[in-house]
Amino acid sequence: MTKPGQGAEGDAVAAPPVAITTAATAAAAPQAAASSAAPVIAPGADAESYEQQHVHSVYESIASHFSATRYKPWPVIASFLLSLPPGAVGLDVGCGNGKYLAVNPHVHIVGSDRSANLVRIARDHGGDRRCDVAVADGLALPFPPGKADFAICVAVIHHMSTRQRRQEAVRALLECVRPDSGGGKILVYVWALEQSNSRRGWDEGADQDQLVPWVFKSKTKTAGGGGGDTTYQRYYHLYRKGELEEDVVAVGGKVLDSGYDKDNWWAVASRIN
Amino acid sequence: MKVLSLNFLSCAVKGCKSSSDSYPLHPKDAELVQDDIEVNAQLLINLLPRIDWTALTTTATELGFPALPPQAPTPEELEADEAKLKDLHHLLMETQIMEGKLVCASCGHEYAVREGIANFLLPSHLV
């Protein structure tokens, strides 16, 4: 759902990458919708409510703003979609505003997202009712096992706040696609820890669990400037090199291909039969 | 939500995944719209082997369509018979559920469909 470092308007005015838990940050973002005093790493038992606050409710609030800054398909994902055989049927789990749903008109994709507001935008991507989308949780997907030719999941799993949940999310994707013998495969994209050249400057050794501000710029500016800007804090787990592949293998998947692309790690994987 | 997509949806409840009753979901109080979409013959022919014909037959009947033949047409049959192709296109691509519910026959849960969007978020007791 989320892409850093591609001229996103919301991100462009965000605070520098400092420890989110400090009082100084809280003071710098006095209008934060989410409490800046919350610990960055979620206690396991409360992972769901933590993600509700620091992921789901944020995307519900910023949906239209977010969508307006996320219109261009990333090349690696577009070429994956264009490489599929005509008539292939697949899933886009965490489809956001639906920018991948119509990349290849010769395949059928059912999109899903946790945010109803984003799903509504995705439905009309490329025209009224053009795309088929549903509201669903990545850990309780409404897809029958082993039926889809492919599933993509872009910038989604890094929003899950425990490793167990991130692995379960990969498992859920693998379960939806045909076994390897049937050619089923998944493509997963997650944000990388190693991005020293990005604006945020994280790199090896940095804390992998971060709250990342999204500044929602208000259209009505006050005379003093600033207006009613609102800062939302989104939770991210930043993947270190090799971690995504480890998670695929841990849930019985087979990595077919993987790589690094503009501050993200990605992997194409299939089920072991 | 196109009828085609119903062929690729099931109940979101974990315990239902292993039950054959959780697929396909059953439309209830469905309000349909018919869109006008250009026929993509090649797409339909390639889709055919991926369609669960039994499930599609159930869905079509429940939505009030005339009964489908018991066997799926072969790609050759479909290619040679324009009327058949158009009928299938109409059912799979042009018919959309806009309002109503999708019901799981295993757990009985009803998923609401509003403005063409099904909501599969589960109440906490079903997670």
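The values are calculated or read from the model by the stated rules, or taken from the named source; none is laboratory data. Only a predicted model underlies this, so the values are computations on that prediction, with no experimental measurement involved. Backbone-built Cβ (ideal geometry, glycine too); neighbour counts: all protein chains shown. Keep in mind that these areas ignore ligands, DNA and RNA; they rest on the heavy atoms of the full protein, side chains included. Shrake-Rupley method; radii C 1.70, N 1.55, O 1.52, S 1.80 Å.
For the peptides A:47-53, A:80-86, the ranking by packing is A:47-53, A:80-86, with the highest mean count of neighbouring Cβ atoms within 10 Å listed first. Considering every alpha-carbon pair of segment B:2-94, the percent of pairs per 10 Å bin, from zero through the bin containing the longest distance, is 15, 47, 30, 8, 0.
Here the convex hull built on the C-alpha positions of the protein assembly as shown has a volume of 141 cubic angstrom per residue. One chain, two ends: A:Ser198 and A:Asp46. Fully extended at 0.36 nm per residue, the span grows by 51.6 nm beyond their Cα-Cα distance. Taking the 1.4 Å solvent-accessible surface of segment B:3-126 as the whole, the part contributed by carbon and sulfur is 51%.
Between the beta carbons of B:Trp53 and A:His106, assuming R0 = 25 Å, the FRET efficiency works out to 0.70 to the nearest 0.05. Peptide B:116-126 shows a mean partner chain C-beta count of 5 within 10 Å per residue C-beta. 3J(HN,Hα) along segment A:265-273: 9, 9, 8, 9, 9, 10, 7, 7, 5 Hz, from the Karplus curve 6.51 cos²θ - 1.76 cosθ + 1.60 with θ = phi - 60°, whole Hz, x for Gly and Pro. For A:Val133, the amide hydrogen comes within under 5 Å of the amide hydrogens of A:Gly111, counting only partners 5 or more places away or on other chains and with H modelled in the peptide plane.
Peptide A:206-216 shows a mean partner chain C-beta count of 0 within 10 Å per residue C-beta. Sorting the segments A:202-212, B:77-87 by their residues' average number of neighbouring beta-carbon atoms within 10 angstrom, most packed first, yields A:202-212, B:77-87. 3J(HN,Hα) along segment A:130-143, derived from phi through the Karplus expression 6.51 cos²θ - 1.76 cosθ + 1.60 where θ = phi - 60°, amounts to 5, 10, 9, 9, 9, 8, 7, 8, x, 9, 9, 7, x, 10 Hz, with x in place of Gly and Pro. Available extension along the chain between A:Asp229 and A:Asp207 is 5.2 nm, counting 0.36 nm per residue and deducting the alpha carbon span. Measuring r between the beta carbons of A:Glu60 and B:Glu62 and using R0 = 56 Å, the FRET efficiency lands at 0.95. For peptide B:61-68, the mean count of partner chain Cβ atoms within 10 Å of a residue's Cβ comes to 0. Heavy-atom accessible area with a 1.4 Å probe sorts A:Trp191, B:Trp53, largest first, into B:Trp53, A:Trp191. Computed on segment B:3-126, with alpha-carbon pairs under 8 angstrom and 6+ residues apart, the relative contact order is 36 percent. In plain terms, the chain from B:Asp29 to B:Ser124 could stretch by 31.7 nm, reckoned as 0.36 nm per residue minus the Cα-Cα distance. Largest accessible area first, the listed residues A:Phe216, B:Phe120 line up as A:Phe216, B:Phe120 when surface is computed with a 1.4 Å probe on the assembled protein chains. Across segment A:59-75, coupling constants 3J(HN,Hα) worked out from phi with the 6.51/-1.76/1.60 Karplus curve, θ = phi - 60°, read 5, 4, 6, 9, 3, 6, 5, 4, 4, 5, 9, 9, 10, 9, x, 6, x Hz, and Gly and Pro carry x. Of all DSSP-defined beta bridges confined to the protein assembly as shown, some 65% are antiparallel rather than parallel.
Per-residue ellipticity at 222 nm computed for the protein assembly as shown from its helices equals -6500 deg cm²/dmol, with DSSP H segments shorter than 4 residues left out and the rest contributing -39,500 (n - 2.57).
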